[in-house]
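First comes the structure, then the notes that go with it.
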Amino acid sequence: MRRARYRGPRKTHLEHVFAAVALNLIRLDAWWNGRPLDRTRVSHLARLDLSLAA
């Protein structure tokens, strides 16, 4: 959500609220079904730790 589709603070705020609600619904669905959300990002420190362990 780096760029808003609409112009003006009211419509932009409404778009951000809808996006936040959608993300929260996705998280609630995953939590209710016992599926953890995918964690795709690995920090540089964790990547370094993994490369040293191998």
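The values are calculated or read from the model by the stated rules, or taken from the named source; none is laboratory data. What you see is a predicted model, and the numbers here were worked out from it, not measured in a lab. Note: areas computed on protein heavy atoms with side chains; ligands, DNA, RNA excluded. Shrake-Rupley method; radii C 1.70, N 1.55, O 1.52, S 1.80 Å.
Quick notes on this one:
- When residues in the range 26-49 are screened for being at pLDDT 90 or above and polar (S, T, N, Q), 1 of them pass.
- Complete set of residues in the range 1-25 that are open to solvent by 100 Å² or more (accessible area, probe 1.4 Å) and at pLDDT 80 or above: H13, F18, L25
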